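Heads up: the structure comes next, in structure tokens.
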Amino acid sequence: MNIVFLGTPDFAVPTLKALHASRHTVQAVVTQPDRPKGRGRAAQPPPVKEFALAHGLDVLQPTKASAPDFVEQLKPLQPDLIVVIAYGQLLKPNFLELPKHFCMNIHASILPKYRGAAPINWAIINGETETGVTTMKIDPGLDSGDMLLIRKVPIGPNDTAQDVHDALAKAGAELALESIDQLEAGTLPITPQNPDEATFARKLKKEDGWVCWSQPAQRLHDLVRGLNPWPGAYTFLNGHRLKLYKTEIAPRQPTDEAGTVLRVTKHGIEIGTADDRLILTELQPEGKKKMNAQDFLAGHDVQIGHRFESAPQPIQSE
């Protein structure tokens, strides 16, 4: 098949790599414009662009993919299929009409759950033990098109958003090729989504990471995992921000108080929550690199009875 590919971040690269290595032809790669990053704010290319240029693929970077002039630019390609993964824009009907078959999206959840921008993070934050990838026919709505194939992927009890991201990126590439094979064979199933079962995974903000210590320990452990590596869970100790990257859970004692340091060892700092204790084992002080608890304690005075500043309310999905 002749395919136009749309994608932007690291998550999309394995699918583009699989398509490029397959018997199909990637006619063009459409990705977001270069954006300023880092302290110098120099324009940096998206990861998809870097892969495409390194492998001799044509790269297009419109400000709006559905702009009439860009749609006209793509029309002469007459693609059989347009494959979209983590592109970053909603596509309008004029764009969706371009391919012979349809525009196919690879979405990082088991639809209709976790439609939206941050499905991986919210699945972990909400304590899910399973997620997956879904290929779907794109319609003008937000991840609301008919489903094609689903591949489920387990979430381990200590998996971070980065761990699940990497597993789903690999699964998405495999499922994209499988979906195309079944489309060619005429065996690809098409299943409408049940909107009553839909949930929304909104885009995360930096302030979502502020820990509310009145929450249960498991909820906080899931929050830390779901926000690792970005935007990162954090708390405040003595007025200084402290990012949390790895945690464990220990049984509580009857006199425990939420947000209070209850025990300090080389292994970790035990903090009271709504029920059990949360052990901080990997942290990052302001202006410094991530470190284990032993290294952190070597340079910071943390005593039993010290209190961490708590967010006024827990993270909200809506």
Quiz item: For the range 171-238, what is the charge dipole size about the Cα centre, in debye to the nearest 20, if Lys and Arg each add +1 at the Cβ and Asp and Glu each add -1 at the Cβ?
Solution: 620 debye
Exercise. Within the range 272-293, find all residues whose amide N lies under 14 Å from a label point positioned 7 Å from the Cα of Ala250 along Cα-to-beta-carbon.
Key: 272-273, 276-282, 293
Quiz item: Out of Ala293, Ala233, Ala171, any idea which swings most in a Gaussian network model of the chain, alpha carbons joined below 10 Å?
Solution: Ala293
Quiz item: How far, in nm, would the chain grow between Ala42 and Glu97 when pulled straight, counting 0.36 nm per residue and subtracting the alpha carbon separation?
Solution: 16.2 nm
Self-check item: the chain: most fluctuating residue of Pro79, Pro68, Pro285 per GNM, C-alpha cutoff 10 Å
Solution: Pro68
Practice problem: Identify, among Leu96, Met1, Met291, the residue whose Cα sits farthest towards the positive end of the charge dipole of the chain, taking +1 on the Cβ of Lys and Arg and -1 on the Cβ of Asp and Glu, with the dipole about the Cα centre. | Solution: Met291
Quiz item: For the chain, what is the percent of antiparallel DSSP beta bridges, rounded to the nearest 5?
Solution: 65 percent
Practice problem: Determine the share of the chain's accessible area contributed by carbon and sulfur atoms, expressed in whole percent, with a 1.4 angstrom probe. | Solution: 50 percent
Quiz item: Quick one: accessible area per residue over the chain, 1.4 Å probe, rounded to a whole number of Å²?
Solution: 48 Å²
Quiz prompt | Above-threshold pairs, the threshold being 29 Å between Cα atoms, out of Lys37/Lys203; Lys64/Lys113; Lys49/Lys205; Lys75/Lys152 | solution = Lys75/Lys152
Quiz item: For the range 93-110, in order, what is each residue's ³J(HN,Hα) by Karplus, 6.51 cos²θ - 1.76 cosθ + 1.60 with θ = phi - 60°, in whole Hz (x at glycine and Pro)?
Solution: x, 4, 6, 5, 7, 5, x, 4, 9, 6, 9, 10, 9, 10, 10, 8, 6, 8
Quiz item: Mind checking the dipole of the range 1-87: about its Cα centre, +1 per Lys or Arg Cβ, -1 per Asp or Glu Cβ, Debye to the nearest 20?
Solution: 340 debye
Exercise. Classify the chain as rounded, prolate or oblate from the Cα gyration tensor: take a ≥ b ≥ c as the square roots of its eigenvalues, call it rounded if a/c is under 1.5, otherwise prolate when a/b beats b/c and oblate if not.
Key: prolate
Practice problem: Would you mind checking the range 109-147 for residues with the amide N under 11 Å from a putative spin-label position 7 Å along Cα→C-beta of Glu178? | Solution: 133-135
Quiz item: When the helices in the chain are scored as -39500 (n - 2.57) per DSSP H run of 4 or longer and the sum is shared across all residues, what 222 nm value do you end up with, to the nearest 500 deg cm²/dmol?
Solution: -7000 deg cm²/dmol
Quiz item: Among Lys113, Lys49, Lys100, whose mean-square fluctuation peaks in a Gaussian network model of the chain (Cα, cutoff 10 Å)?
Solution: Lys100
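The values are calculated or read from the model by the stated rules, or taken from the named source; none is laboratory data. None of the values given here were measured: they were computed from a predicted structure. FYI the Cβ positions are ideal-geometry reconstructions off the backbone, even for glycines, and counts take in every protein chain you see. Accessible surface is based on the protein model in full, side chains and every heavy atom, while ligands, DNA and RNA are left aside. Shrake-Rupley method; radii C 1.70, N 1.55, O 1.52, S 1.80 Å.
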